[in-house]
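Trainee: Before anything else, here's the structure in question.
The values are calculated or read from the model by the stated rules, or taken from the named source; none is laboratory data. Not measured: the values here are computed from a predicted model. Methodologically, a virtual Cβ is constructed for each residue, glycine included, from the backbone with ideal geometry; neighbour enumeration extends over all protein chains shown. When the accessible area is computed, the model is the full protein with side chains, heavy atoms only, and any ligands, DNA or RNA have been set aside. Shrake-Rupley method; radii C 1.70, N 1.55, O 1.52, S 1.80 Å.
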There are 2 protein chains.
Amino acid sequence: MPRPKSPLLSRERIRDAALELIDAEGIGSLSMRNLALKLDVRAASLYSHFPGKDAVLDAVANLLTRQVDTSAFERGWREGLETWGRSYHAALSKHPNAAPVVAAGTGRREDFLAMADAVHGGLVRDGWPPRYATMIAASVKYLVIGAATTPFASGFADDTRVYFERYPNLVQAHLIPAHAEEIDSDSFELALGGLIAGLGPLHASLAAADTAKE
Amino acid sequence: MPRPKSPLLSRERIRDAALELIDAEGIGSLSMRNLALKLDVRAASLYSHFPGKDAVLDAVANLLTRQVDTSAFERGWREGLETWGRSYHAALSKHPNAAPVVAAGTGRREDFLAMADAVHGGLVRDGWPPRYATMIAASVKYLVIGAATTPFASGFADDTRVYFERYPNLVQAHLIPAHAEEIDSDSFELALGGLIAGLGPLHASLAAADTAKE
DNA sequence: CACGCTAACCGTACGGTGTTAGTTTTCACA
DNA sequence: TGTGAAAACTAACACCGTACGGTTAGCGTG
(Lines give C-alpha, C1' and ligand atoms only; values in the text may rest on other atoms or scores of the structure.)
Protein backbone atom coordinates (compact mmCIF):
# COMPACT_ATOMS: atom_id res chain seq x y z
CA MET A 1 0.00 0.00 0.00
CA PRO A 2 1.44 3.36 -1.07
CA ARG A 3 0.48 6.72 0.33
CA PRO A 4 -3.12 6.50 1.63
CA LYS A 5 -5.84 9.07 0.90
CA SER A 6 -5.93 10.24 4.47
CA PRO A 7 -2.93 9.64 6.74
CA LEU A 8 -3.16 6.52 8.87
CA LEU A 9 -0.63 7.74 11.39
CA SER A 10 0.31 10.84 13.31
CA ARG A 11 2.91 11.55 15.94
CA GLU A 12 0.18 11.66 18.57
CA ARG A 13 -1.39 8.37 17.55
CA ILE A 14 1.97 6.65 17.57
CA ARG A 15 2.98 8.14 20.88
CA ASP A 16 -0.32 7.21 22.53
CA ALA A 17 -0.20 3.67 21.17
CA ALA A 18 3.34 3.32 22.51
CA LEU A 19 2.24 4.37 25.97
CA GLU A 20 -0.70 1.99 25.88
CA LEU A 21 1.58 -0.83 24.85
CA ILE A 22 4.04 -0.02 27.62
CA ASP A 23 1.26 0.14 30.18
CA ALA A 24 -0.30 -3.10 29.06
CA GLU A 25 2.69 -5.33 28.34
CA GLY A 26 5.73 -3.60 29.73
CA ILE A 27 8.57 -1.83 28.08
CA GLY A 28 10.12 -5.09 26.94
CA SER A 29 7.46 -5.68 24.35
CA LEU A 30 7.57 -2.25 22.84
CA SER A 31 9.26 -2.91 19.54
CA MET A 32 8.79 -0.96 16.38
CA ARG A 33 7.19 -3.97 14.68
CA ASN A 34 4.93 -4.56 17.65
CA LEU A 35 3.94 -0.93 17.83
CA ALA A 36 3.24 -0.89 14.11
CA LEU A 37 1.11 -4.00 14.47
CA LYS A 38 -1.04 -2.27 17.05
CA LEU A 39 -1.54 0.57 14.58
CA ASP A 40 -2.30 -1.73 11.61
CA VAL A 41 0.79 -0.64 9.79
CA ARG A 42 4.32 -1.85 8.95
CA ALA A 43 7.25 -0.91 11.11
CA ALA A 44 9.03 1.17 8.49
CA SER A 45 6.06 3.55 8.28
CA LEU A 46 6.77 4.81 11.77
CA TYR A 47 9.97 6.36 10.48
CA SER A 48 7.92 8.83 8.47
CA HIS A 49 6.91 10.42 11.77
CA PHE A 50 9.77 9.75 14.15
CA PRO A 51 13.49 9.53 13.44
CA GLY A 52 13.78 6.42 15.59
CA LYS A 53 12.60 4.50 18.59
CA ASP A 54 14.33 6.84 21.03
CA ALA A 55 12.30 9.74 19.69
CA VAL A 56 9.08 7.82 20.29
CA LEU A 57 10.13 7.17 23.86
CA ASP A 58 11.04 10.82 24.29
CA ALA A 59 7.56 11.77 23.15
CA VAL A 60 6.05 9.43 25.72
CA ALA A 61 8.27 10.84 28.45
CA ASN A 62 7.41 14.40 27.48
CA LEU A 63 3.71 13.58 27.57
CA LEU A 64 4.00 12.39 31.15
CA THR A 65 6.28 15.22 32.18
CA ARG A 66 3.79 17.77 30.93
CA GLN A 67 1.25 16.55 33.49
CA VAL A 68 3.41 17.74 36.36
CA ASP A 69 2.21 20.75 38.32
CA THR A 70 4.80 23.43 39.07
CA SER A 71 2.35 26.22 39.76
CA ALA A 72 2.22 26.01 43.56
CA PHE A 73 5.48 27.83 44.16
CA GLU A 74 3.38 30.96 44.20
CA ARG A 75 2.30 29.87 47.66
CA GLY A 76 5.85 29.39 48.93
CA TRP A 77 8.61 26.87 48.51
CA ARG A 78 7.07 24.27 50.80
CA GLU A 79 3.75 24.23 48.98
CA GLY A 80 5.60 24.34 45.69
CA LEU A 81 7.82 21.39 46.46
CA GLU A 82 4.96 19.36 47.87
CA THR A 83 2.71 19.92 44.90
CA TRP A 84 5.50 19.41 42.44
CA GLY A 85 6.73 16.24 44.08
CA ARG A 86 3.28 14.77 44.49
CA SER A 87 2.09 15.48 40.98
CA TYR A 88 5.36 14.23 39.53
CA HIS A 89 5.06 11.08 41.59
CA ALA A 90 1.42 10.66 40.62
CA ALA A 91 2.15 11.05 36.92
CA LEU A 92 4.71 8.25 37.05
CA SER A 93 2.65 6.04 39.34
CA LYS A 94 -0.12 6.02 36.79
CA HIS A 95 2.31 4.44 34.33
CA PRO A 96 4.79 2.41 36.35
CA ASN A 97 6.10 0.55 33.33
CA ALA A 98 6.97 3.86 31.70
CA ALA A 99 8.89 5.23 34.67
CA PRO A 100 12.31 4.10 33.44
CA VAL A 101 11.61 5.88 30.17
CA VAL A 102 11.01 9.12 31.99
CA ALA A 103 14.05 8.58 34.15
CA ALA A 104 16.34 8.17 31.15
CA GLY A 105 17.80 11.21 29.52
CA THR A 106 16.18 13.76 31.77
CA GLY A 107 18.72 16.43 31.02
CA ARG A 108 18.17 16.33 27.31
CA ARG A 109 14.39 16.38 27.00
CA GLU A 110 12.59 19.59 26.23
CA ASP A 111 9.68 19.32 28.65
CA PHE A 112 11.86 18.15 31.49
CA LEU A 113 14.00 21.23 31.15
CA ALA A 114 10.95 23.46 31.19
CA MET A 115 9.80 21.78 34.38
CA ALA A 116 13.23 22.05 35.99
CA ASP A 117 13.38 25.70 35.05
CA ALA A 118 10.02 26.42 36.66
CA VAL A 119 11.00 24.62 39.85
CA HIS A 120 14.34 26.31 40.07
CA GLY A 121 12.75 29.70 39.55
CA GLY A 122 10.13 29.02 42.20
CA LEU A 123 12.73 28.08 44.78
CA VAL A 124 14.95 31.07 44.10
CA ARG A 125 12.01 33.47 44.23
CA ASP A 126 11.24 32.25 47.73
CA GLY A 127 14.70 32.90 49.07
CA TRP A 128 16.81 29.85 48.30
CA PRO A 129 20.22 30.63 46.87
CA PRO A 130 20.57 29.28 43.33
CA ARG A 131 22.99 26.58 44.34
CA TYR A 132 20.62 25.31 47.00
CA ALA A 133 17.73 25.50 44.59
CA THR A 134 19.62 23.22 42.26
CA MET A 135 20.37 20.74 44.99
CA ILE A 136 16.86 20.76 46.43
CA ALA A 137 15.26 20.24 43.06
CA ALA A 138 17.67 17.40 42.45
CA SER A 139 16.81 15.87 45.81
CA VAL A 140 13.10 15.77 45.14
CA LYS A 141 13.74 14.43 41.69
CA TYR A 142 15.82 11.65 43.23
CA LEU A 143 12.90 10.71 45.44
CA VAL A 144 10.41 10.69 42.61
CA ILE A 145 12.58 8.73 40.21
CA GLY A 146 13.69 6.29 42.87
CA ALA A 147 10.15 5.70 44.05
CA ALA A 148 8.86 5.25 40.51
CA THR A 149 11.58 2.93 39.23
CA THR A 150 12.05 0.70 42.27
CA PRO A 151 8.66 0.60 43.94
CA PHE A 152 8.21 -1.71 46.84
CA ALA A 153 5.40 -3.37 44.91
CA SER A 154 7.77 -4.47 42.16
CA GLY A 155 9.87 -6.32 44.68
CA PHE A 156 8.90 -9.37 46.61
CA ALA A 157 5.36 -9.93 45.45
CA ASP A 158 5.42 -13.66 44.79
CA ASP A 159 6.39 -16.59 46.94
CA THR A 160 7.31 -14.48 49.92
CA ARG A 161 7.39 -17.31 52.40
CA VAL A 162 10.13 -19.16 50.58
CA TYR A 163 13.01 -16.75 50.87
CA PHE A 164 11.78 -14.64 53.72
CA GLU A 165 12.64 -17.31 56.20
CA ARG A 166 16.23 -16.35 55.72
CA TYR A 167 15.63 -12.66 56.37
CA PRO A 168 13.94 -12.52 59.75
CA ASN A 169 13.82 -8.76 59.98
CA LEU A 170 11.97 -8.35 56.74
CA VAL A 171 9.18 -10.70 57.66
CA GLN A 172 7.61 -8.32 60.11
CA ALA A 173 6.27 -5.75 57.74
CA HIS A 174 6.36 -7.37 54.36
CA LEU A 175 4.11 -10.35 54.45
CA ILE A 176 1.22 -8.53 52.91
CA PRO A 177 1.80 -7.97 49.19
CA ALA A 178 -1.64 -6.45 48.96
CA HIS A 179 -0.39 -3.49 50.98
CA ALA A 180 2.65 -2.96 48.82
CA GLU A 181 1.14 -0.12 46.85
CA GLU A 182 0.06 1.61 50.00
CA ILE A 183 3.53 1.24 51.44
CA ASP A 184 4.93 2.82 48.29
CA SER A 185 2.83 5.94 48.43
CA ASP A 186 3.23 6.27 52.20
CA SER A 187 6.99 5.94 51.88
CA PHE A 188 7.13 8.65 49.30
CA GLU A 189 4.98 10.93 51.43
CA LEU A 190 7.14 10.27 54.45
CA ALA A 191 10.31 11.00 52.53
CA LEU A 192 8.99 14.16 50.92
CA GLY A 193 7.55 15.45 54.18
CA GLY A 194 10.70 14.56 56.08
CA LEU A 195 12.93 16.25 53.53
CA ILE A 196 10.88 19.45 53.51
CA ALA A 197 10.78 19.48 57.30
CA GLY A 198 14.52 18.94 57.41
CA LEU A 199 15.13 21.84 55.03
CA GLY A 200 13.13 24.28 57.15
CA PRO A 201 15.90 25.26 59.57
CA LEU A 202 18.34 25.59 56.69
CA HIS A 203 16.04 28.02 54.91
CA ALA A 204 15.64 30.02 58.10
CA SER A 205 19.37 30.22 58.74
CA LEU A 206 20.09 31.23 55.17
CA ALA A 207 17.47 33.96 55.39
CA ALA A 208 18.96 35.17 58.66
CA ALA A 209 22.43 35.32 57.13
CA ASP A 210 20.99 37.20 54.18
CA THR A 211 19.35 39.74 56.46
CA ALA A 212 22.50 40.18 58.51
CA LYS A 213 24.41 41.02 55.36
CA GLU A 214 22.17 43.92 54.44
CA MET B 1 38.29 -25.83 20.11
CA PRO B 2 36.87 -28.46 22.46
CA ARG B 3 37.24 -28.51 26.19
CA PRO B 4 40.54 -26.80 27.08
CA LYS B 5 43.16 -28.24 29.41
CA SER B 6 42.50 -25.64 32.03
CA PRO B 7 39.21 -23.73 32.01
CA LEU B 8 39.33 -20.40 30.19
CA LEU B 9 36.30 -18.99 31.98
CA SER B 10 34.81 -18.76 35.41
CA ARG B 11 31.76 -17.01 36.79
CA GLU B 12 33.99 -14.42 38.42
CA ARG B 13 35.99 -13.70 35.28
CA ILE B 14 32.81 -13.29 33.25
CA ARG B 15 31.16 -11.10 35.87
CA ASP B 16 34.22 -8.87 36.21
CA ALA B 17 34.60 -8.53 32.46
CA ALA B 18 30.96 -7.57 32.19
CA LEU B 19 31.38 -4.82 34.76
CA GLU B 20 34.50 -3.54 33.01
CA LEU B 21 32.65 -3.47 29.72
CA ILE B 22 29.72 -1.62 31.27
CA ASP B 23 32.05 0.88 32.89
CA ALA B 24 34.02 1.48 29.74
CA GLU B 25 31.38 1.49 27.03
CA GLY B 26 28.02 1.65 28.72
CA ILE B 27 25.35 -0.91 29.19
CA GLY B 28 24.29 -0.65 25.58
CA SER B 29 27.37 -2.42 24.31
CA LEU B 30 27.21 -5.30 26.73
CA SER B 31 26.14 -8.13 24.48
CA MET B 32 26.96 -11.76 24.96
CA ARG B 33 29.04 -11.72 21.78
CA ASN B 34 30.83 -8.59 22.85
CA LEU B 35 31.48 -9.94 26.31
CA ALA B 36 32.77 -13.19 24.87
CA LEU B 37 35.07 -11.25 22.56
CA LYS B 38 36.61 -9.49 25.54
CA LEU B 39 37.28 -12.88 27.07
CA ASP B 40 38.71 -14.42 23.87
CA VAL B 41 35.89 -16.86 23.61
CA ARG B 42 32.67 -17.46 21.65
CA ALA B 43 29.33 -16.30 22.97
CA ALA B 44 27.86 -19.76 23.42
CA SER B 45 30.58 -20.65 25.92
CA LEU B 46 29.20 -18.17 28.41
CA TYR B 47 26.14 -20.34 28.79
CA SER B 48 28.26 -23.01 30.42
CA HIS B 49 28.61 -20.67 33.39
CA PHE B 50 25.46 -18.56 33.41
CA PRO B 51 21.93 -19.51 32.37
CA GLY B 52 21.54 -16.24 30.47
CA LYS B 53 22.38 -12.59 30.21
CA ASP B 54 20.09 -11.65 33.09
CA ALA B 55 22.05 -13.89 35.41
CA VAL B 56 25.29 -12.16 34.42
CA LEU B 57 23.73 -8.79 35.21
CA ASP B 58 22.46 -10.11 38.53
CA ALA B 59 25.98 -11.18 39.40
CA VAL B 60 27.25 -7.69 38.63
CA ALA B 61 24.51 -6.11 40.72
CA ASN B 62 25.20 -8.43 43.62
CA LEU B 63 28.89 -7.62 43.47
CA LEU B 64 28.16 -3.92 43.88
CA THR B 65 25.50 -4.48 46.51
CA ARG B 66 27.92 -6.45 48.62
CA GLN B 67 30.13 -3.38 49.00
CA VAL B 68 27.45 -1.54 50.96
CA ASP B 69 28.05 -1.00 54.66
CA THR B 70 25.14 -1.74 57.00
CA SER B 71 27.19 -2.10 60.15
CA ALA B 72 26.77 1.38 61.59
CA PHE B 73 23.29 0.82 62.99
CA GLU B 74 25.06 -0.32 66.13
CA ARG B 75 25.70 3.35 66.76
CA GLY B 76 22.08 4.36 66.35
CA TRP B 77 19.64 4.82 63.51
CA ARG B 78 21.05 8.16 62.38
CA GLU B 79 24.60 6.87 62.07
CA GLY B 80 23.26 3.70 60.51
CA LEU B 81 21.22 5.47 57.86
CA GLU B 82 24.02 7.89 57.05
CA THR B 83 26.64 5.21 56.64
CA TRP B 84 24.30 2.95 54.73
CA GLY B 85 23.13 5.69 52.41
CA ARG B 86 26.61 7.03 51.77
CA SER B 87 28.24 3.70 51.10
CA TYR B 88 25.34 2.62 48.88
CA HIS B 89 25.61 5.88 46.98
CA ALA B 90 29.38 5.56 46.73
CA ALA B 91 29.18 2.01 45.41
CA LEU B 92 26.89 3.09 42.58
CA SER B 93 28.75 6.32 41.87
CA LYS B 94 31.89 4.33 41.16
CA HIS B 95 30.01 2.58 38.35
CA PRO B 96 27.42 5.02 37.05
CA ASN B 97 26.75 2.99 33.91
CA ALA B 98 25.86 0.00 36.05
CA ALA B 99 23.41 1.86 38.25
CA PRO B 100 20.32 0.90 36.23
CA VAL B 101 21.36 -2.73 36.53
CA VAL B 102 21.41 -2.47 40.30
CA ALA B 103 18.13 -0.60 40.30
CA ALA B 104 16.37 -3.32 38.32
CA GLY B 105 14.91 -6.25 40.14
CA THR B 106 15.95 -5.21 43.62
CA GLY B 107 13.32 -7.32 45.31
CA ARG B 108 14.46 -10.53 43.71
CA ARG B 109 18.22 -10.43 44.19
CA GLU B 110 19.79 -12.31 47.03
CA ASP B 111 22.32 -9.74 48.20
CA PHE B 112 19.84 -6.91 48.05
CA LEU B 113 17.50 -8.77 50.35
CA ALA B 114 20.31 -9.40 52.82
CA MET B 115 21.09 -5.67 52.82
CA ALA B 116 17.44 -4.71 53.23
CA ASP B 117 17.09 -7.15 56.07
CA ALA B 118 20.08 -5.71 57.90
CA VAL B 119 18.81 -2.16 57.49
CA HIS B 120 15.31 -3.02 58.61
CA GLY B 121 16.65 -4.80 61.66
CA GLY B 122 18.89 -1.90 62.56
CA LEU B 123 16.04 0.58 62.41
CA VAL B 124 13.68 -1.56 64.48
CA ARG B 125 16.32 -2.20 67.11
CA ASP B 126 16.66 1.54 67.61
CA GLY B 127 12.99 2.09 68.24
CA TRP B 128 11.33 2.56 64.88
CA PRO B 129 8.09 0.61 64.47
CA PRO B 130 8.41 -2.01 61.71
CA ARG B 131 6.13 -0.15 59.38
CA TYR B 132 8.19 3.02 59.71
CA ALA B 133 11.37 1.05 59.30
CA THR B 134 10.06 -0.21 55.99
CA MET B 135 9.16 3.25 54.81
CA ILE B 136 12.39 4.86 55.94
CA ALA B 137 14.52 2.22 54.31
CA ALA B 138 12.49 2.68 51.14
CA SER B 139 12.98 6.45 51.32
CA VAL B 140 16.75 6.24 51.50
CA LYS B 141 16.76 3.67 48.75
CA TYR B 142 14.73 6.07 46.62
CA LEU B 143 17.35 8.75 47.13
CA VAL B 144 20.24 6.45 46.29
CA ILE B 145 18.63 4.96 43.20
CA GLY B 146 17.37 8.30 41.99
CA ALA B 147 20.74 9.94 42.46
CA ALA B 148 22.57 7.09 40.77
CA THR B 149 20.31 6.73 37.75
CA THR B 150 19.62 10.38 36.99
CA PRO B 151 22.71 12.22 38.11
CA PHE B 152 22.95 15.87 37.33
CA ALA B 153 26.16 15.14 35.45
CA SER B 154 24.35 12.93 32.95
CA GLY B 155 22.11 15.80 32.03
CA PHE B 156 23.13 18.94 30.31
CA ALA B 157 26.84 18.46 29.87
CA ASP B 158 27.26 19.52 26.25
CA ASP B 159 26.26 22.60 24.38
CA THR B 160 24.73 24.26 27.42
CA ARG B 161 24.55 27.72 25.95
CA VAL B 162 22.31 26.68 23.11
CA TYR B 163 19.20 25.60 24.93
CA PHE B 164 19.77 27.33 28.22
CA GLU B 165 18.82 30.63 26.73
CA ARG B 166 15.26 29.43 26.82
CA TYR B 167 15.35 28.46 30.47
CA PRO B 168 16.48 31.59 32.27
CA ASN B 169 16.19 30.19 35.75
CA LEU B 170 18.46 27.27 35.06
CA VAL B 171 21.26 29.39 33.73
CA GLN B 172 22.19 30.70 37.13
CA ALA B 173 23.63 27.59 38.66
CA HIS B 174 24.20 25.27 35.77
CA LEU B 175 26.68 26.88 33.49
CA ILE B 176 29.59 24.95 34.89
CA PRO B 177 29.50 21.33 33.70
CA ALA B 178 32.79 20.78 35.48
CA HIS B 179 30.99 21.15 38.78
CA ALA B 180 28.26 18.71 37.88
CA GLU B 181 29.76 15.84 39.82
CA GLU B 182 30.20 18.02 42.86
CA ILE B 183 26.59 19.14 42.62
CA ASP B 184 25.54 15.51 42.47
CA SER B 185 27.27 14.45 45.64
CA ASP B 186 26.29 17.64 47.46
CA SER B 187 22.66 17.15 46.47
CA PHE B 188 22.66 13.63 47.78
CA GLU B 189 24.24 14.74 51.04
CA LEU B 190 21.72 17.53 51.40
CA ALA B 191 18.83 15.20 50.77
CA LEU B 192 20.06 12.49 53.11
CA GLY B 193 20.88 14.99 55.85
CA GLY B 194 17.58 16.78 55.39
CA LEU B 195 15.61 13.56 55.50
CA ILE B 196 17.33 12.34 58.65
CA ALA B 197 16.86 15.72 60.30
CA GLY B 198 13.20 15.70 59.32
CA LEU B 199 12.70 12.26 60.80
CA GLY B 200 14.13 13.25 64.20
CA PRO B 201 10.94 14.72 65.67
CA LEU B 202 8.94 11.77 64.39
CA HIS B 203 11.23 9.34 66.16
CA ALA B 204 10.98 11.36 69.34
CA SER B 205 7.19 11.50 69.24
CA LEU B 206 6.92 7.79 68.54
CA ALA B 207 9.22 7.04 71.47
CA ALA B 208 7.14 9.31 73.70
CA ALA B 209 3.93 7.55 72.67
CA ASP B 210 5.59 4.24 73.34
CA THR B 211 6.63 5.32 76.82
CA ALA B 212 3.17 6.68 77.61
CA LYS B 213 1.67 3.32 76.74
CA GLU B 214 3.70 1.42 79.31
C1' DC C 1 43.87 -49.45 33.12
C1' DA C 2 39.62 -48.61 30.68
C1' DC C 3 35.23 -47.07 30.55
C1' DG C 4 31.85 -43.56 30.44
C1' DC C 5 29.94 -39.28 32.15
C1' DT C 6 30.13 -34.54 32.63
C1' DA C 7 32.20 -30.00 31.71
C1' DA C 8 33.72 -26.54 28.67
C1' DC C 9 34.46 -25.03 24.57
C1' DC C 10 32.92 -24.40 19.43
C1' DG C 11 29.97 -23.66 14.91
C1' DT C 12 25.63 -22.93 13.36
C1' DA C 13 21.05 -21.43 13.16
C1' DC C 14 16.48 -19.38 14.54
C1' DG C 15 13.55 -15.76 15.53
C1' DG C 16 13.44 -11.06 16.83
C1' DT C 17 15.41 -6.24 17.01
C1' DG C 18 16.27 -1.20 15.11
C1' DT C 19 17.01 0.84 10.95
C1' DT C 20 17.79 1.96 5.84
C1' DA C 21 16.97 1.90 0.83
C1' DG C 22 14.13 1.94 -2.81
C1' DT C 23 9.27 1.84 -4.73
C1' DT C 24 4.62 3.39 -5.36
C1' DT C 25 0.94 6.40 -4.99
C1' DT C 26 -1.43 10.51 -3.35
C1' DC C 27 -1.70 15.23 -2.04
C1' DA C 28 -0.55 20.19 -2.09
C1' DC C 29 1.15 23.84 -4.38
C1' DA C 30 3.27 26.66 -8.14
C1' DT D 1 -1.07 20.97 -15.13
C1' DG D 2 3.02 19.44 -13.69
C1' DT D 3 6.26 18.55 -9.82
C1' DG D 4 8.04 17.46 -5.58
C1' DA D 5 7.23 16.13 -1.00
C1' DA D 6 4.79 12.93 2.05
C1' DA D 7 3.21 8.51 3.62
C1' DA D 8 2.67 4.13 3.08
C1' DC D 9 4.95 -0.35 1.47
C1' DT D 10 8.60 -4.49 0.63
C1' DA D 11 13.02 -6.17 1.27
C1' DA D 12 17.19 -6.32 3.36
C1' DC D 13 21.22 -5.53 6.69
C1' DA D 14 23.52 -6.10 10.92
C1' DC D 15 22.98 -7.30 15.38
C1' DC D 16 20.83 -9.45 19.40
C1' DG D 17 19.83 -13.50 22.99
C1' DT D 18 19.79 -18.12 22.94
C1' DA D 19 19.15 -23.26 21.69
C1' DC D 20 21.18 -27.32 19.61
C1' DG D 21 24.58 -30.50 18.60
C1' DG D 22 29.41 -31.78 18.12
C1' DT D 23 34.12 -32.43 20.04
C1' DT D 24 37.33 -33.32 23.41
C1' DA D 25 39.58 -33.00 28.22
C1' DG D 26 39.23 -34.40 32.87
C1' DC D 27 37.57 -37.33 36.53
C1' DG D 28 35.27 -40.93 39.18
C1' DT D 29 34.48 -45.81 39.24
C1' DG D 30 34.81 -50.93 38.23
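Trainee: Rounded, prolate or oblate: pick one for the range A:11-50, where a ≥ b ≥ c are the square roots of the eigenvalues of its C-alpha gyration tensor, a/c under 1.5 means rounded, and failing that, prolate if a/b is larger than b/c, else oblate.
Mentor: Since a/c reaches 1.5 and a/b is larger than b/c, the shape of the range A:11-50 is classed as prolate.
Trainee: What is the percent carbon and sulfur in the accessible area of chain A, measuring with a 1.4 Å probe over the protein chains and ignoring ligands?
Mentor: The nonpolar share, carbon plus sulfur, comes to 53 percent.
Trainee: Something else now. Cα convex hull of chain A: mean projected area in nm², to one decimal?
Mentor: Result: 16.0 nm².
Trainee: Please work out the average accessible area per residue across the protein assembly as shown, using the 1.4 Å probe convention, and give it in Å².
Mentor: 48
Trainee: Projected onto the charge dipole of chain B (+1 at Lys/Arg Cβ, -1 at Asp/Glu Cβ, origin at the Cα centre), which of B:Y47, B:F188, B:I145 gives the Cα projection farthest towards the positive end?
Mentor: Among B:Y47, B:F188, B:I145, the one farthest towards the positive end of the dipole of chain B is B:Y47.
Trainee: Still on this structure: What is the sum of charges, Lys and Arg at +1 and Asp and Glu at -1, for the other residues whose Cβ falls under 15 Å from the Cβ of A:D23?
Mentor: Result for the local shell: 0.
Trainee: Kindly write out, for the range A:33-44 in residue order, the coupling ³J(HN,Hα) from the Karplus curve 6.51 cos²θ - 1.76 cosθ + 1.60 (θ = phi - 60°), rounded to whole Hz, with x marking Gly and Pro.
Mentor: Per residue, the Karplus-derived 3J(HN,Hα) values read 5, 5, 5, 4, 4, 5, 9, 6, 7, 8, 4, 4 Hz.
Trainee: Turning to a different aspect of this structure: How far is B:A204 from itself in the other copies, in nm, if each label sits 7 Å out from Cα along the Cα-Cβ line, shortest first?
Mentor: Nearest to farthest, the other copies are at 1.1 nm.
Trainee: Using a Debye calculation, one point per C-alpha and no hydration shell, please list log10 I(q)/I(0) for the range A:54-132 at q = 0.11, 0.13, 0.24 Å⁻¹ in order.
Mentor: Computed log10 I(q)/I(0) values: -0.29, -0.40, -1.08.
Trainee: In nm, one decimal, shortest first: how far is the label point of B:A24 (7 Å from Cα along Cα to beta carbon) from the matching points in the other copies?
Mentor: 4.3
Trainee: For the range A:1-59, which trypsin sites (Lys or Arg not before Pro) pass both filters: DSSP loop (anything but H, G, I, E, B) and at most 13 other C-beta atoms within 10 Å?
Mentor: Sites meeting the loop and neighbour criteria: A:K5, A:R42.
Trainee: Once the label point is placed 7 Å from Cα along Cβ, list for A:D69 the distances to the corresponding points in the other copies, in nm, shortest first.
Mentor: Those label-point separations list as 4.2 nm.
Trainee: Can you give me the pair-distance distribution of the range B:1-124, C-alpha pairs, 10 Å bins, whole percents?
Mentor: Bin by bin from 0 Å, the calculated values are 13, 38, 27, 15, 6, 1.
Trainee: While we're here: Compute the Kirkwood hydrodynamic radius of the protein assembly as shown, taking the inverse of the mean of 1/r over all pairs of distinct Cα atoms, and give it in Å to one decimal.
Mentor: About 23.4 Å, per the Kirkwood formula over Cα pairs.
Trainee: Report ³J(HN,Hα) in whole Hz for each residue of the range B:85-92, in order, from the Karplus equation J = 6.51 cos²θ - 1.76 cosθ + 1.60 where θ = phi - 60°; Gly and Pro get x.
Mentor: x, 5, 6, 4, 4, 5, 4, 7
Trainee: Could you give each residue of the range A:16-22 its phi-based ³J(HN,Hα) in whole Hz, using Karplus coefficients 6.51, -1.76, 1.60 with θ = phi - 60°, and x for Gly or Pro?
Mentor: 5, 5, 4, 5, 4, 5, 5
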